[in-house]
Amino acid sequence: MPRSTDIASRLAELRGRNLYRQRRVIDGPQGREVEVDGRRLLNFCSNDYLGLAADPRVVEALANGARHWGVGAGASHLVCGHTRAHHELEEALARFTGRPRALVFSSGYAANLGAIGALLGPGDRVLEDRLNHASLLDGGWLSRARFGRYRHGDLDHLAVKLADGPGEGRTLVVSDGTFSMDGDRCALRPLVDVARAHAALVMIDDAHGIGVHGEDGCGLVDPRAFTTQDVAVLVGTFGKALGTAGAFVAGEADLVDLMIQQARTYIYTTAMPPALAVATLASLHLAATESWRREALMARVAQFRAGAAALGLALAPSPSPIQPLIVGESERALALSAALAERGVWVSAIRPPTVPPGTARLRVTLSAAHEGADVDRLLEALAGAHRVVGGG
Ligand SMILES: *Cc1c(COP(=O)(O)O)cnc(C)c1O
């Protein structure tokens, strides 16, 4: 147990390096605007890409679900917490993703830890993109499989690692579908081809693609293009475009069965509230059928990219609603974020260790809930913030 002075000095050190993090208290629901400290700020940091987090129909489904099921699930899925509401959501997710079966977890973090841990153990090997989400990296480390990382998006590097002594066990290649801090997508077909050439399984975490990408929002792993032979393990989350909370793993029936038997983050935790499963089923239906939301979202993305390019801002090559502006040092990212807040616009500064050192950034996220005028205001505020903070 460290002495309290150690804790105080560790906190002081974080402050000194501009890495100290603070929560802001929000009053009211997510939306194009949020109330923070008594002020309405235009919200460009939420992952509520389709504007469903506070949709009245999803809210109504949650309330009806609570009236029918109560609040707590009472136990884990394997004891007595697995309700028909969870079961129906799983069946709908299997249809939505075009996979034989899906399994609901309480969070994406839990799904990733559970899936990798159930599949791999000592003697196996996991290879991950360097910029994978923390939960995928943690899942790889905790699995006790041999852990390797390849350079971001560098499939030649992946091939070199795959060729380096496969050994006896299984190999799992793991990647984000859309990278959460950069907004770029993994080159799925080439990645699948490289992995299959080395008899490795592929796991894709499509947290930012579900609901956003593809005609009906099925995400990057379109079942018309990618079978379960190509992508054995598909993970999606509910907390982003679907606007609720929780996650799923989808794949062959046997894979899901193995998860039920062995995924520790599935077994040793209380099932999510059934009402949340009811709400997620409602939002899944809205995400699939209201394609105008995806069109509005993509129109905002195009508007932002054109406007930012006209301002000479350094845009990342991102086709997704995640549009980071990489500014370098943490101090500068914080100063720009503060200057934007003064102008009524909220964009969070993302710093190491969430992103590599020297690549602190403003992570702009767009939503179908935004209007064109909101994006204009963001661009104006960015121009103003850069004038006062200075530099590119
Ligand atoms: C947000 C996110 C997660 C974690 O999902 P939660 O449901 O919020 O725990 C996992 N993977 C990726 C790529 C994410 O962006």
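The values are calculated or read from the model by the stated rules, or taken from the named source; none is laboratory data. Note that the structure is predicted; figures quoted are calculated from it, not measured. Glycine also receives a Cβ, built like all others from the backbone with ideal geometry; neighbour counts cover every protein chain displayed. Side chains included, ligands, DNA and RNA excluded: accessible areas come from the protein's heavy atoms. Shrake-Rupley method; radii C 1.70, N 1.55, O 1.52, S 1.80 Å.
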For this session: For Glu33, list long-range residues whose amide hydrogen, built 1.01 Å from N in the peptide plane, is under 5 Å from its own amide hydrogen.
Result: Asn43
For this session: Under 15 Å from a label point 7 Å along Cα→Cβ of Arg21: give me every residue in region 102-132 with its amide N that close.
Result: 109
Seminar exercise, completed: Dividing the alpha-carbon radius of gyration of region 56-289 by 2.2 N^0.38 Å, where N counts its residues, gives 0.98
Exercise. Which of Cys186, Leu131, Trp346 sits farthest toward the positive end of the charge dipole of the chain, with +1 on the Cβ of Lys and Arg and -1 on the Cβ of Asp and Glu?
Worked result: Trp346
Exercise. Probe 1.4 Å, all protein chains in place: accessible area of His386 in Å², nearest 10?
Worked result: 20 Å²
Exercise. In region 85-237, what percent of the accessible surface is made up of carbon and sulfur (1.4 Å probe, ligands and nucleic acids excluded)?
Worked result: 51 percent
For this session: Pull out the extension gain between Glu91 and Met298, defined as 0.36 nm times the separation in residues minus the alpha carbon to alpha carbon distance; nm, one decimal.
Result: 71.6 nm
Exercise. Among rounded, prolate and oblate, which fits region 241-392 when a ≥ b ≥ c are the square roots of the eigenvalues of its C-alpha gyration tensor, a/c under 1.5 means rounded, and a/b larger than b/c means prolate?
Worked result: prolate
For this session: Pick out which of Cys45, Cys80, Cys186 has the largest mean-square fluctuation in a Gaussian network model of the chain, springs linking Cα atoms closer than 10 Å.
Result: Cys80
Exercise. Hey, what's region 122-251 come to in accessible area per residue, 1.4 Å probe, Å²?
Worked result: 37 Å²
